[in-house]
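The values are calculated or read from the model by the stated rules, or taken from the named source; none is laboratory data. Everything quoted here is computed from the prediction, not taken from an experiment. Note that each Cβ is placed from the backbone with ideal geometry, even for glycine, and that neighbours are counted across all protein chains shown.
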Amino acid sequence: MKTRSTSIALPALLALVALVALLAAAPLAHAHVLTDAERAAPTFGWSFAPWPVALMAASIAAYAAGYLRLRRRSGSRGRVLRARHAAAFAGGSCALALALFSPLDTLSAWLFSAHMVQHETMMLIAAPLLVLGRPLAVWIWALPHEWRLWVGHRIRARGVAASWRFLTAPLTGWWLHAVALWAWHAPAAFEAALVHPFVHSLQHSSFLLTALVFWWTVFGDGARRQSGGHAMLSVFTTMVHTTALGALITLAPGLWYPYYVEPCSTLGIDPLHDQQLGGLIMWVPGAAAYLIGGLAIAARWLSCQSSPQFAPGRAAIVPRDTPR
């Protein structure tokens, strides 16, 4: 029995790591930086780079496989709940694809305001919807039965459970997301991302990953009565500091990102006005998104109607068919 368990350990671990990394790797594999040809003749169209498209397709296929298995095991109430999760994951995947592959991606290399729309789409639309889709739990169910049992045992291990609790603690998620936002919007870091494709990829991936952790802590803890207050406080304070960052960019007397002078001039747009519009996008619609999230958490907390087995905490990533 021990030999058999050991024989499936490595492939099971590799499969789980691959599933979890799929969505995170898509932004890392795709970030648009202007080429000399594009500077000479601007074009704005859809861009379907093979590698990120393959990663997105694989993540969706794995989710579909896990969803079908879970749906067959669920009662009528469970099927309705699973359908809501699948709809949220589908919406998040569509939002992420829109941010990465649509004309918005190519336009973001020319306009700071478009770049802000792209970032906000990933962090405030795609990330919370993906979290609501419960992808970790569903992806695990896409694994073969024996692999799923092995992964379930390893997830319950003390070290893994402790690491997961630390990563999904409200303060951890809050700090990771705040540091990513402020650090990458510093002029030197932002301009480096506009010039170097790999740095740009790191920027996009850090925005998406920290947003996923942040929204996981918000919605996961918000589903429990005893920690809903922490979730609301996390959303409120994030709304405050992102609003402050947007206001700083909007009200700045000069350009923070001189890189956009040439692209904006080519399109006949004042770069300072474009920067102010980008700051307003972070300031007003961004704050509204956090406010909506906070209100949703408050409504769930006050209603006290959440069932413990559906709370997206530690149990949400542990397969239910693990042997006792």
| remark: Reported set for the stretch 100-127 where residues are among the small types (Gly, Ala, Ser) and not in a helix (DSSP H, G or I) is Ser102, Ser108, Ala109
| request: Could you please let me know if Ala88 is closer than 30 Å to Ile281 by Cα, aliphatic (A, V, I, L, M), buried (at least 18 other Cβ atoms within 10 Å of the Cβ) and over 16 Å from the mean Cα position of the chain (by Cα)? | output: no
| query | Regarding Ala169, is this residue closer than 30 Å to Val261 by Cβ and not acidic (Asp, Glu)? | reply | no
| Taking the stated definitions as given, is Phe207 surrounded by 14 or more Cβ atoms within 10 Å (Cβ to Cβ), at pLDDT below 90, within 15 Å of the chain's Cα centre (by Cα) and assigned to a helix (DSSP H, G or I)? | no
| request: Could you grab me the full set of residues in the stretch 100-126 that are farther than 22 Å from Phe48 by Cβ and either touching a Pro at 6+ places or on another chain (Cβ under 9 Å) or among the hydrophobic types (A, V, I, L, M, F, W, C) (or both)? | output: Phe112, Met116, Glu120, Met123, Leu124
| Number of the condition not met by Leu132 [criteria: (1) closer than 27 Å to Gln203 by Cβ; (2) touching a Leu at 6+ places or on another chain (Cβ under 9 Å); (3) surrounded by fewer than 23 Cβ atoms within 10 Å (Cβ to Cβ)] | (2)
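For (1) touching a Cys at 6+ places or on another chain (Cβ under 6 Å); (2) under 20 Å from His241 (Cα atoms); (3) not hydroxyl-bearing (Ser, Thr, Tyr), each residue gets a yes or a no:
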residue	(1), (2), (3)
Arg134	no, no, yes
Val138	no, no, yes
Glu146	no, no, yes
Ser163	no, no, no
Leu171	no, yes, yes
| Qualifying positions in the stretch 91-107 - surrounded by fewer than 22 Cβ atoms within 10 Å (Cβ to Cβ) and among the hydroxyl-bearing types (Ser, Thr, Tyr) | Ser102, Thr106
| task | Answer yes if at least one residue in the stretch 251-267 is under 25 Å from Leu100 (Cα atoms), out of contact with any strand residue (DSSP E or B) (no Cβ under 6 Å at 6 or more places or on another chain) and buried (at least 22 other Cβ atoms within 10 Å of the Cβ), and no otherwise. | result | yes
| query | What pairs come up if the first residue lies in the stretch 149-163 and is farther than 15 Å from Ala137 by Cβ and touching a residue at least 40 places away in the same chain (Cβ under 8 Å), the second is among the small types (Gly, Ala, Ser) and in a helix (DSSP H, G or I), and their beta carbons are under 7 Å apart, counting only those six or more places apart or on different chains? | reply | Trp150/Ser5; Trp150/Ala9; Trp150/Ala12
| Test set (1) surrounded by fewer than 22 Cβ atoms within 10 Å (Cβ to Cβ); (2) within 19 Å of the chain's Cα centre (by Cα); (3) of a type in the set (A, V, I, L, M) - Val218 fails condition number | (1)
